Amino acid sequence: MAGAKRRKQKRVTAVVRLSDVAEQAGCSTATVSRVLNRPDGVNRELRLRVDAAVRELGYLRNSAARALRSRRTRTIGAVVPTLDHAIYARLLAALQGFTSEHGYSLLVTTSGFQVDQELRQARLLVERGAEGLVLVGHSHSPDLYAALERHGIPSVNTYSYLPDSRHASIGFDNRAASRQMTEYLLDLGHREFALIVGYRKDNDRVKDRVDGALEAIAGRGISTAHTLIVEEPYSIEGGREGLRRVVAGRRPTALICGSDVLAFGAIIECDSKGIAVPRDLSVAGFDDLEFAAHLRPPLTTIRVPATEMGRRAGEFLLAKIAGQPHAPHYPLETSLILRQSTAPPPRGR
């Protein structure tokens, strides 16, 4: 009991050493070093024990710990789901531009839309001296928040505005934006809908966009029981496969896609199947990527303020690092962009 109390005091008052991790995990310091540097060469049981000890003790490698104590790295980290889509590149470009103007560098990693991978990448950024982190959405591992709080690293969630959260957010209301798009389609006369979205698991943005669409439909007294919701990877092929699944049954008159990339794939598949957009099927996207205006037909979508979001995220983190006051939440507005991929439903539908 006394030993546990001393270990707890050590975690609070002193830098955690490699030997502390080894003692906690019940192995040698050499084994801990192998797990940290060459995890594939260590058996799974040992790796799990060491990983658990690292998390519990809040261990950081010595060089990073020294940098964090001095606060001289002048580095910001960002973990985004992917670099495959321009919507995240816009945020990162604005973030890098702002931080660079103030003498900071930006380190970027990706999570692949996986919370466990996000946790690993965030820890690597902190180990490399990141003084603040930009994250996407609000669905994160509790261990991530605990690690950041333990080391006094400020973070901000983007692409989602959640003013009641104790975690800072700079973004927009995904539910309201999706509801606005759906209400526009309802006003055109559509009553039969389908949705192609990313995976809802561990993704609050996707959940909110689905909920917003369903709320709008139900709000007009229309049952959502037959509104098909198809989950696919965020890719052009995901959109094509999603469209194939949608039209395998009773074809809707309106298709709402959770991203422009999915909408792009859906429109390509419509063309291959002889489905005229928007005469036979209205298609809407989300993000307003550059190609959206150049599709045939041009895509109706939701414009996301990614550039402003990146700059505002940089402002927040640099203020927190400098110990200056800054509002923890900042709402941004989306815009409904009307183009030729949507129209009233076919007669009789």
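The values are calculated or read from the model by the stated rules, or taken from the named source; none is laboratory data. As the structure is a prediction and not an experimental result, all values here were calculated from the model. Please note: Cβ atoms are built from the backbone with ideal geometry, for glycine as well, and neighbour counts cover all protein chains shown.
When you look at Thr307, is it of a type outside the set (Gly, Ala, Ser), crowded, with 20+ Cβ neighbours inside 10 Å and either at pLDDT 95 or above or touching a strand residue (DSSP E or B) at 6+ places or on another chain (Cβ under 6 Å) (or both), yes or no?
In short, no.
Which residues, taken from the range 309-340, are out of contact with any helix residue (DSSP H, G or I) (no Cβ under 7 Å at 6 or more places or on another chain) and small (Gly, Ala, Ser)?
Ala319, Ala322, Gly323, Ala327, Ser335
Can you go through Leu255, Leu195, Leu185, Leu243 and tell me which one is over 29 Å from Gly112 (Cα atoms) and buried (at least 23 other Cβ atoms within 10 Å of the Cβ)? Outline the logic, then answer.
On the way: Leu255 fails: over 29 Å from Gly112 (Cα atoms); Leu195 fails: over 29 Å from Gly112 (Cα atoms); Leu243 fails: over 29 Å from Gly112 (Cα atoms).
The conditions single out Leu185.
Name the single residue, out of those in the range 162-182 being part of a loop (DSSP other than H, G, I, E, B) and aliphatic (A, V, I, L, M), that is surrounded by the most Cβ atoms within 10 Å (Cβ to Cβ).
Ala168
Scan (1) part of a loop (DSSP other than H, G, I, E, B); (2) in the same structural domain as Gly132 (by TED's automatic domain parsing) for the single condition Arg312 breaks and write down its number.
Every condition holds for Arg312 apart from (1).
Return the only residue of Leu106, Leu148 being without any contact (Cβ under 8 Å) to a residue 40 or more places away in the chain, in a helix (DSSP H, G or I) and of a type in the set (A, V, I, L, M, F, W, C). Outline the logic, then answer.
On the way: Leu106 fails: in a helix (DSSP H, G or I).
Testing whether each residue is without any contact (Cβ under 8 Å) to a residue 40 or more places away in the chain, in a helix (DSSP H, G or I) and of a type in the set (A, V, I, L, M, F, W, C) leaves just Leu148.
Quick one: how many residues across the range 321-347 are in a strand (DSSP E or B) and surrounded by fewer than 17 Cβ atoms within 10 Å (Cβ to Cβ)? Don't jump to the end; show me each part of the working.
Filtering the range 321-347 for residues in a strand (DSSP E or B) gives 329-331, 335-337.
Add one more test, that the residue is surrounded by fewer than 17 Cβ atoms within 10 Å (Cβ to Cβ), and what stays is 331, 335-336.
Qualifying residue count, the range 321-347: 3.
If you take the residues of the range 135-148 that are on the phi < 0 side of the Ramachandran plot and touching a strand residue (DSSP E or B) at 6+ places or on another chain (Cβ under 9 Å), which of them is surrounded by the fewest Cβ atoms within 10 Å (Cβ to Cβ)?
Tyr145
Sort out which residues of the range 258-286 are crowded, with 24+ Cβ neighbours inside 10 Å and acidic (Asp, Glu), and write them in order of number.
If the condition is that a residue be crowded, with 24+ Cβ neighbours inside 10 Å and acidic (Asp, Glu), then Asp260 is the only one that fits.
Can you tell me which of Leu46, Leu68, Leu60 is more than 21 Å from Arg128 (Cα to Cα), modelled with pLDDT under 90, surrounded by 17 or more Cβ atoms within 10 Å (Cβ to Cβ) and not assigned by TED's automatic domain parsing to the domain that holds Val126?
Leu46
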